[in-house]
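First comes the structure, then the notes that go with it.
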Amino acid sequence: MDGFEAIIGVNPWTALFTLLNMIITFLILGKFLFKPVKKMIDDRQKEIDDAYAEADKAKSDAQELKAEYQRHLDSAKSERDDIIKEAVVTAGKRSDEIVAEARRDADAIRDKAERDIAQEKKKAMNEVKSSIAGISLEIAEKVCEKEIDEGKHRALIEDFVNKMGEAS
Amino acid sequence: MINGPKIYFTIPILGGIPITATAVSSFLVTVILCVAGVLLGRNLKKRPGRMQVLTEKGVGMLYDLVESTMGKHNSYWTPYIGALFLSSILGTLIGMTGFLRSTTSDLSTTLTWAIMTSFLCWGCTIKNAGIGAFLKNYINPMNIISDIAQPVSMAFRHFGNIMGGGVLTSLLYMALSSVSAIVIGLIRSNGLVVSIIVFAIGVALLAFGFLKKKLAAKIFGALIALLGLASTLEVLGTVTGIPVLALGIPGVLSIYFDLFSGFVQALVFSLLTMVYVGMACPPPEGE
């Protein structure tokens, strides 16, 4: 209770205390409040930025993957189309081959059959010729009741039969 | 308040160290700020609680203020500016407790802070531009005057605003006390009956105010009722000298002079410090 200071005056001791208090406040607040809180804010900001960057990256990756799959799908489609086209072409060629082969076989079979038929016909014709010649001679013998010069008449009849065969 | 800071006691060493009201408040402000700072800066989590959100908001605002005024490269000044700003605000507000004195209404405090700012400026200039440039600045002697005027103006601005507010509040308080003494004297000179009637009128007005929800009627009713009550008591001789009109009204002024002016002056002081120190710390080359 020593009275009062001057209303407008500087007390050096108070000034010194103020200086010390200010320095203490500055050091303690800086060390325990401002720096940790600022660090926390910055860390969180960084984390958020990282998360966003990661999300963006994941998105672009996904889009890339999608495009790649689309590309794969497209190439698979075109491949499929190629395969089908090729298969169609191959099948067509094969079928043509088969048909041609079948036709060849059929032609061969028909030729053979025709040859056989011609041969048979010839054989039959020869048989018929000789038998008709024999029968004719016998008939003629019976009709004439006389010996016919076999050598002479046989040539005559065969000639006739041949002409008949040619005409038929 | 119209006196200077009270000297509580003197430590009898070094020719007597006087412990003034300002010194006590200053220590208290330091302790409060340090304890609050350590408590708020503790247990910081990535997912913050309510208190941490507020803390981060406040600290972030201070960083934004410093970075926008001084530039991004001066972000490391924030702890000092923040300590200055918070000390100033709390130092002013601590005067509102009634029994402690605002640290900022003492020139010792504000002048110390202003001189700290000046020394920081000089230090930064020497560090950034070299001692030659610092000394070359004083070839023009006007710069000496400006370097002296700068801390003095800062100190007196802050001190004057807070001190002036306190003086005004005190004057108003005294004026209202004398007015209420005159009014009460007027009422009591008319005897006990008039005092009681005044009290009754006041109570009636107060009741009317409550019924109709009228703020003005409530305030005036309470005032008149208190005046009547005080006169009655004085007539009866129980108590004397109640400054009825000084109740509450100076508080409205205090909201302006202590809260608003305290905040503004703290901001102004911090901003000036930032500007002066920021000018001494220009952005590094190539930015």
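The values are calculated or read from the model by the stated rules, or taken from the named source; none is laboratory data. Quantities reported herein were computed from a predicted structural model and do not represent experimental measurements. No Cβ is skipped: glycine too gets one built from the backbone with ideal geometry, and neighbour counts run over all protein chains shown.
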Practice item. Report yes if some residue within the stretch B:174-183 is closer than 30 Å to B:Leu93 by Cβ, at pLDDT below 85 and crowded, with 20+ Cβ neighbours inside 10 Å; otherwise report no. Key: yes
Point to revise | Output for the stretch B:42-67, where each listed residue is farther than 24 Å from B:Val277 by Cβ, more than 9 Å from chain A (Cβ to nearest Cβ) and β-branched (Val, Ile, Thr) | key: B:Val53
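Results for (1) touching a Pro at 6+ places or on another chain (Cβ under 7 Å); (2) of a type in the set (D, E, K, R); (3) in contact (Cβ under 8 Å) with a residue 12 or more places away in the chain, shown as yes or no for each residue.
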{"position": "B:Val167", "(1), (2), (3)": "no, no, yes"}
{"position": "B:Asn190", "(1), (2), (3)": "no, no, no"}
{"position": "B:Ser195", "(1), (2), (3)": "no, no, yes"}
{"position": "B:Val198", "(1), (2), (3)": "no, no, yes"}
{"position": "B:Leu211", "(1), (2), (3)": "no, no, no"}
{"position": "B:Lys214", "(1), (2), (3)": "no, yes, no"}
{"position": "B:Ile219", "(1), (2), (3)": "no, no, no"}
Study note, to complete from the structure: A careful count of residues in the stretch A:1-58 that are more than 30 Å from B:Met116 (Cα to Cα), at the interface with another protein chain (Cβ under 9 Å from one of its Cβ atoms) and in a helix (DSSP H, G or I) gives 3
**Study point:** Hits in the stretch B:30-41 (condition: facing chain A (nearest Cβ under 7 Å) and part of a helix (DSSP H, G or I))
**Key:** B:Thr30, B:Leu33, B:Cys34, B:Gly37, B:Val38, B:Leu40
Review point. Does B:Thr92 meet the test of being facing chain A (nearest Cβ under 9 Å) and either farther than 26 Å from B:Val275 by Cβ or not aliphatic (A, V, I, L, M) (or both)?
Key: no
Exercise for review: Residue by residue through the stretch B:17-29, note down the ones that are within 7 Å of chain A (Cβ to nearest Cβ) and either farther than 30 Å from A:Gly9 by Cα or not in a helix (DSSP H, G or I) (or both).
Suggested key: B:Ile17, B:Pro18, B:Thr20
Review point. Regarding B:Lys6, is this residue more than 29 Å from B:Val277 (Cα to Cα), within 11 Å of chain A (Cβ to nearest Cβ) and exposed (fewer than 15 other Cβ atoms within 10 Å of the Cβ)?
Key: no
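Here is a yes/no grid of residues against (1) charged (D, E, K, R); (2) closer than 11 Å to B:Ser25 by Cα; (3) more than 9 Å from every other protein chain (Cβ to nearest Cβ):
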position: B:Phe85; (1), (2), (3): no, no, yes
position: B:Met96; (1), (2), (3): no, no, yes
position: B:Arg101; (1), (2), (3): yes, yes, yes
position: B:Thr112; (1), (2), (3): no, no, no
position: B:Ser118; (1), (2), (3): no, no, yes
position: B:Trp122; (1), (2), (3): no, no, yes
position: B:Ile126; (1), (2), (3): no, no, yes
Review point. Mind checking which residues of the stretch B:98-109 are closer than 13 Å to B:Ser170 by Cβ and surrounded by fewer than 18 Cβ atoms within 10 Å (Cβ to Cβ)?
Key: B:Gly98
Check your understanding: How about the stretch B:9-40: which of its residues are farther than 30 Å from B:Val59 by Cα, crowded, with 17+ Cβ neighbours inside 10 Å and without any contact (Cβ under 8 Å) to a residue 60 or more places away in the chain?
Key -> B:Ile17, B:Pro18, B:Ile19
Review point. Is at least one residue of the stretch A:16-39 surrounded by 10 or more Cβ atoms within 10 Å (Cβ to Cβ), out of contact with any Leu (no Cβ under 6 Å at 6 or more places or on another chain) and farther than 30 Å from B:Met61 by Cβ?
Key: yes
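Residue by residue, here is whether (1) surrounded by fewer than 21 Cβ atoms within 10 Å (Cβ to Cβ); (2) in contact (Cβ under 8 Å) with a residue 24 or more places away in the chain; (3) among the acidic types (Asp, Glu); (4) touching a Pro at 6+ places or on another chain (Cβ under 6 Å) holds:
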{"position": "B:Thr69", "(1), (2), (3), (4)": "yes, yes, no, no"}
{"position": "B:Asn74", "(1), (2), (3), (4)": "yes, yes, no, no"}
{"position": "B:Ile81", "(1), (2), (3), (4)": "no, yes, no, no"}
{"position": "B:Leu86", "(1), (2), (3), (4)": "no, yes, no, no"}
{"position": "B:Met96", "(1), (2), (3), (4)": "yes, yes, no, no"}
{"position": "B:Leu120", "(1), (2), (3), (4)": "yes, yes, no, no"}
{"position": "B:Ile126", "(1), (2), (3), (4)": "yes, no, no, no"}
{"position": "B:Ala129", "(1), (2), (3), (4)": "yes, no, no, no"}
{"position": "B:Ala133", "(1), (2), (3), (4)": "yes, no, no, no"}
Revision key, fill the gap. Of B:Leu253, B:Leu245, the only residue that is surrounded by 20 or more Cβ atoms within 10 Å (Cβ to Cβ), at pLDDT below 80 and assigned to a helix (DSSP H, G or I) is B:Leu245
